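Nothing in this text is a laboratory measurement; each read-out follows from the coordinates by a stated rule. None of the values given here were measured: they were computed from a predicted structure. Neighbour counts run over all protein chains shown; Cβ positions are idealised from the backbone, glycine included.
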Amino acid sequence: MADTTAQPAPAGADTGNGGADTGTGGEPTRRDFLLIATGAFGAIGVAALAWPFIDQMNPDASALALATTEVDVSSMEPGQSIKVIWRGKPVFIRYRTEKEVAEARAVSLDELKDPDARNANLGDNADASDANRSVAGREDWIIMVGVCTHFGCIPLGQQGEFGGWFCPCHGSHYDTAGRIRKGPAPENLAIPEYEFLDESTLRIG
C-alpha cells in the first residue's frame, strides 16, 4: 500500500498561502511591509489634508497688524477730531476743549439713558461718569468706536442737541462724552482698549 503520510514541502515551494509567513516568529514578509507603508502614507495624507483647515484658524499677519493701531496725535489741538480705522471700524479721537469736559462733568448720572461706562479699559460695573469715559490724567481726550449703537451708522461729530455726536439715520444724540442722551440708540458709544505710549502716540487695542 502507498504511503499517504504528508511530506514537508521542498524549500521555496508554493504552499498556497501567497508566500506569507504564518508563523509567529518569522521575519516580516513583503506583504507586511506593504501594509505598514500603506498605513504610513495614509496617515501622512490625512495630516496634509487637515493642515490647511487647521492653519486657517490661526490669525494671519494682516489680522495681527489690525489688532492694534498706533496714532500720532502730536499735531492735534483742543477742539480737533480725527477718525482712524481699527479692526475694520471707525474710531473717533477727540481732543476736547475745557468747555466740553466741563459740560460732560456737569451731567448727573440720573440724566443718562445708559448708566454704564462701556469702557473696555474698566470693569463691567463702571458707571458712565465723564471720568470713566476717559483715562486718568488724559481726561481731555476721548476715544470711541464711531458706530451708533442703534443700527450701526456712523454719527456726525460736534453736532446734535448736546454738542457731541449726532446720528442722522434715526436721530440719536450723544453728548461730549459720547453718552447717548436722546433718540433710539440704547447704549453709549463704546470705548476700546487704548493707552498713551507717550505724549504724542496713542495705541488702540
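With +1 assigned to the C-beta of every Lys and Arg and -1 to the C-beta of every Asp and Glu, and no other charges, what is the dipole magnitude of the range 72-203 about the Cα centre in debye, to the nearest 20?
480 debye
Exposure proxy check: 153, 148 ranked by fewest other beta carbons within 10 Å?
With the fewest neighbours first, 153, 148 line up as 153, 148.
Considering the convex hull of the alpha carbon atoms of the range 54-190, report its projected area averaged over all viewing directions, in nm², one decimal.
About 9.6 nm², averaged over all directions.
Among the lysines, select those whose C-alpha is under 22 Å from the C-alpha of residue 83, and discard any that sit fewer than 8 residues away in the same chain.
The qualifying lysines are 99.
Based on other C-beta atoms within 10 Å, arrange 69, 149 from fewest to most.
The order, fewest Cβ neighbours first, is 69, 149.
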